[in-house]
Structure formats: C-alpha cells, structure tokens
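Trainee: Sharing a structure, written as structure tokens. Questions coming.
The values are calculated or read from the model by the stated rules, or taken from the named source; none is laboratory data. What you see is a predicted model, and the numbers here were worked out from it, not measured in a lab. Here the Cβ positions follow ideal geometry from the backbone for every residue, glycine too, while neighbour counts run over all protein chains shown.
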C-alpha cells in the first residue's frame, strides 16, 4: 500500500494551499495527499473523490518523487513564446490608443499588416490578457477645451464648494435637458434568449424640455425642476432664477455658455439678480464635466424613467416629472473631498 507521510511544515503548507482558489484538479490532488497522510488507502481515497484507484496511486508516487510539483499537471505543447506574447501586447496597446473603434476581426487584420498572424478568437485571448474591455464609446469635448481656463474654473469651483458646505453661500448647478418620445437605449435585464424591444416614436415636435438647478452641498440638497413642451428662452431662465428658494446667504448659480444664458436679456438683468442675492458663474467653453447637473440628467434619462417610449407629449412630460421627483427623493448631502467627514 502506498502511503505518504508528511512532516509538519509540508502538512501545514498543504492545509494553507487547500484554502486558496485552486483549479479543481489541483484541489483534488491536494486532498489525495492529505487523506493518504491521514491513513486512507488509495482505493478508499479514489471512492471518496470519484477517481480511479490507479490514478490515486500514480499521484501519490509522483508526489513522493517530485513533491508539490506533482500537484500541478504538466503543460502540454511547447513552452509559451513570451517574446511573441509581449510583441502582440505592445502592438494591441498601440492600436487601441488610436482615435478609432475596433472589433477583434479588424484588430486581426491590422496585426496581419504588421506581420502577426492571429485569428479574431486568438486576438480576444490576447486582449483579455492585457485586461482590455469591449465597452460602449463616449463623447468628449476636452479636445476643444482650454486647459488653463478649465483648471482655473476647477479651483474657483472648489472654493465655492467649500463655502457652500460651510453654509457661507448656496451653490446651484443649472442647465437644460430635452427628452424625446423615444428615450435613449440603455441596459435592462431580460429573460434568456430574449431582448427588450423599445417601440420607436419619431419626435414630431413632441419633445419635453426640462430646466433644472441642482443644489448638492449643505444639509438639505435640493433639485429644482421646471418642465415645458416648448423651447426655452432667456425670459424663462430669468423667471426660473428668481423663483429659486430664498436664502440668507448669496446664491451662486453655475451654468454654461449657452445662448439663452449669455443673451443681452440676461446680461442686462444680472445687476437686478445680484441685488436679489443671485450671482451667475459661467463655466469655460466645452467643460460639461464641471457642471454637476449633467450626471443628474443622465441618471434621470437612463434610470429613473423605466418606460422608454411614449405616444403622447403629456405622457412623456408626466414621466419626466416623475423621474425627477424620484431622483430628488434619493438626494443625500455631498461634501467636497477635503471636507468629507471621517468614516
């Protein structure tokens, strides 16, 4: 009868190994050695683990001859070509940084032009090795942005956030957003083999527009929203600003350079707004990431309106209002990073 006798160090090492995430075959081989050390015979171990008795005997002999290396199966085939793997990873990294989209088939063709012959399936294996992902693309305006102005605006906003968190002013982020009868496609759980289909409705002048001001800082965050079934103008903006909740401290409204924000009507009204304690801070061009109302619009448009298609404008407007209300009820106070309370 073949039986392994382990010293304390080897036994402890195997006990630690068995608690790690191992391939099933390696885990079973570890159990075979430990059970043999506990006095089990090879046929009994085989019956317990569902193996042939000869398989257990071969493993125990290999363990006595080679030690822990016997637990891991031999890798068949030639040794991996590490230089080739590194070259493929380097070429894939270089291709993925180009300003274009790629499929695995297109990457395979591009690699072939560089003297690397790989099929789409092999390309995907190498992509997983460099932890690349097949993700939805996103639009950006940073290539049109003035970095110096954006950095300066970021410093100003950080100062405003700190004062808002301290209660020295009320900080709002304002913008407008449109909703079409058929909302943008997104993700949804579906039954196996099925796909959610959204009935497309052409806009046909049935869009609903929302003007919103988001107040994230302070003890009671708020979301002020006004919706309409028409296009906004500067007078709508002024009316919305004057309707913001009154405060004992200045109200600073952050907004972009849209035409209704910078029109002659608004410029002439800024003195009156300042007398009422409302001050406008305009973001530099092409800097939507600095306006915290943008994630709110995305959340409402993609998550808070589960029905994605509407045949009437009134039904769409009701859904938009409900979506903003649902989001507003979930608001929690925010703090600038440097002022966040300790966990």
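Listed here are the residues, each with its yes/no results for (1) in a loop (DSSP other than H, G, I, E, B); (2) more than 40 Å from the chain's Cα centre (by Cα); (3) touching a residue at least 12 places away in the same chain (Cβ under 8 Å).
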site: 12; (1), (2), (3): no, yes, no
site: 15; (1), (2), (3): no, no, yes
site: 25; (1), (2), (3): no, no, yes
site: 34; (1), (2), (3): no, yes, yes
site: 45; (1), (2), (3): no, yes, yes
site: 54; (1), (2), (3): no, yes, no
site: 60; (1), (2), (3): no, yes, yes
site: 69; (1), (2), (3): no, yes, no
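Trainee: Would you confirm, using the coordinates I've provided, whether residue 102 is surrounded by 15 or more Cβ atoms within 10 Å (Cβ to Cβ), more than 30 Å from residue 231 (Cβ to Cβ) and under 23 Å from the mean Cα position of the chain (by Cα)? Give the steps one after another, and end with the answer.
Mentor: Values: surrounded by 15 or more Cβ atoms within 10 Å (Cβ to Cβ): yes; more than 30 Å from residue 231 (Cβ to Cβ): yes; under 23 Å from the mean Cα position of the chain (by Cα): yes.
Yes; evaluated as a whole, the condition is true for this residue.
Trainee: Would it be correct to say that residue 50 is without any contact (Cβ under 8 Å) to a residue 60 or more places away in the chain, touching a helix residue (DSSP H, G or I) at 6+ places or on another chain (Cβ under 9 Å) and on the phi > 0 side of the Ramachandran plot? Reasoning before the result, please.
Mentor: Working: without any contact (Cβ under 8 Å) to a residue 60 or more places away in the chain: yes; touching a helix residue (DSSP H, G or I) at 6+ places or on another chain (Cβ under 9 Å): yes; on the phi > 0 side of the Ramachandran plot: yes.
So residue 50 passes the test.
Trainee: Hey, can you tell me all the residues within the stretch 58-77 that are within 20 Å of residue 7 (Cα to Cα) and surrounded by 13 or more Cβ atoms within 10 Å (Cβ to Cβ)?
Mentor: Let us first name the residues in the stretch 58-77 that are within 20 Å of residue 7 (Cα to Cα), namely 59-71.
Those that are within 20 Å of residue 7 (Cα to Cα) and surrounded by 13 or more Cβ atoms within 10 Å (Cβ to Cβ): 59, 60, 61, 62, 63, 64, 68, 70, 71.
Trainee: Can you work out which of the residues in the stretch 188-207 that are under 30 Å from residue 241 (Cα atoms) and either in contact (Cβ under 8 Å) with a residue 24 or more places away in the chain or outside the structural domain of residue 227 (by TED's automatic domain parsing) (or both) is surrounded by the most Cβ atoms within 10 Å (Cβ to Cβ)?
Mentor: Among those residues, the one meeting the criterion is 206.
Trainee: Which ranges mark the helices (runs of 4 or more DSSP H) fully within the stretch 86-169 that have 1 or more residues being free of Cβ contacts under 8 Å to residues at least 40 places away in the same chain and in contact with a helix residue (DSSP H, G or I) (Cβ under 7 Å, 6 or more places away or on another chain)?
Mentor: Values: elements: 104-113, 120-129, 147-165.
Filter on the stretch 86-169 gives 104-113, 120-129.
Trainee: Here's a follow-up. Among what's in the stretch 263-291 and is assigned to a loop (DSSP other than H, G, I, E, B) and in contact with a helix residue (DSSP H, G or I) (Cβ under 9 Å, 6 or more places away or on another chain), pick the residue that is farthest from residue 201 (Cα to Cα). Even if it seems obvious, please write down each step before you answer.
Mentor: Residues of the stretch 263-291 that are assigned to a loop (DSSP other than H, G, I, E, B), as a first pass: 263, 276-277, 283-287, 291.
Then drop every residue that is not in contact with a helix residue (DSSP H, G or I) (Cβ under 9 Å, 6 or more places away or on another chain), which leaves 263, 276, 283-287.
Values: 263: 33, 276: 43, 283: 35, 284: 36, 285: 33, 286: 31, 287: 32 Å.
My answer is 276.
Trainee: Going by what's in this entry, would residue 319 be described as exposed (fewer than 12 other Cβ atoms within 10 Å of the Cβ), at pLDDT 95 or above and closer than 18 Å to residue 226 by Cα?
Mentor: Details: exposed (fewer than 12 other Cβ atoms within 10 Å of the Cβ): no; at pLDDT 95 or above: yes; closer than 18 Å to residue 226 by Cα: yes.
No.
Trainee: Across the stretch 208-225, what is the number of residues that are surrounded by fewer than 17 Cβ atoms within 10 Å (Cβ to Cβ) and in contact with a strand residue (DSSP E or B) (Cβ under 9 Å, 6 or more places away or on another chain)? Show your work before the answer.
Mentor: Step one: of the stretch 208-225, the residues surrounded by fewer than 17 Cβ atoms within 10 Å (Cβ to Cβ) are 219-222.
With in contact with a strand residue (DSSP E or B) (Cβ under 9 Å, 6 or more places away or on another chain) added as a condition, the list becomes 221-222.
Summing the residues that are surrounded by fewer than 17 Cβ atoms within 10 Å (Cβ to Cβ) and in contact with a strand residue (DSSP E or B) (Cβ under 9 Å, 6 or more places away or on another chain) in the stretch 208-225 gives 2.
Trainee: Of everything in the stretch 229-247 that's assigned to a loop (DSSP other than H, G, I, E, B) and touching a strand residue (DSSP E or B) at 6+ places or on another chain (Cβ under 9 Å), which residue is nearest to residue 176 (Cα to Cα)?
Mentor: Filtering the stretch 229-247 down to residues assigned to a loop (DSSP other than H, G, I, E, B) leaves 229-233, 243-247.
The next check asks that each one be touching a strand residue (DSSP E or B) at 6+ places or on another chain (Cβ under 9 Å); those that pass are 229-232, 243-245, 247.
Working: 229: 13, 230: 12, 231: 10, 232: 8, 243: 16, 244: 15, 245: 19, 247: 23 Å.
Looking at the filtered set, the residue picked out is 232.
Trainee: May I pose another question? Please go through the stretch 267-286 and give me each residue that is farther than 14 Å from residue 256 by Cα and crowded, with 17+ Cβ neighbours inside 10 Å, ordered by number.
Mentor: 269, 273, 278
Trainee: Is there a residue in the stretch 294-313 that is part of a strand (DSSP E or B), crowded, with 19+ Cβ neighbours inside 10 Å, modelled with pLDDT of 95 or more and in contact with a strand residue (DSSP E or B) (Cβ under 9 Å, 6 or more places away or on another chain)?
Mentor: So the first thing to find is which residues in the stretch 294-313 are part of a strand (DSSP E or B), and the list is 309.
The next check asks that each one be crowded, with 19+ Cβ neighbours inside 10 Å; those that pass are none.
No: zero hits.
Trainee: Determine if the stretch 314-321 includes at least one residue that is closer than 26 Å to residue 205 by Cα and in a loop (DSSP other than H, G, I, E, B). So that I can check it myself, show each step before the final result.
Mentor: First, the residues of the stretch 314-321 that are closer than 26 Å to residue 205 by Cα: 314-321.
If we keep only those that are in a loop (DSSP other than H, G, I, E, B) as well, we get none.
For the stretch 314-321, residues closer than 26 Å to residue 205 by Cα and in a loop (DSSP other than H, G, I, E, B): absent.
Trainee: When residue 164 is evaluated against the numbered criteria (1) in the same structural domain as residue 324 (by TED's automatic domain parsing); (2) modelled with pLDDT of 95 or more, which criterion, by number, is the only one it fails?
Mentor: (2) is the only condition that residue 164 fails.
Trainee: Sticking with this structure for a sec: Which numbered condition trips up residue 226, out of (1) free of Cβ contacts under 8 Å to residues at least 24 places away in the same chain; (2) in contact with a helix residue (DSSP H, G or I) (Cβ under 8 Å, 6 or more places away or on another chain); (3) in a loop (DSSP other than H, G, I, E, B)?
Mentor: It is condition (3) that residue 226 fails.
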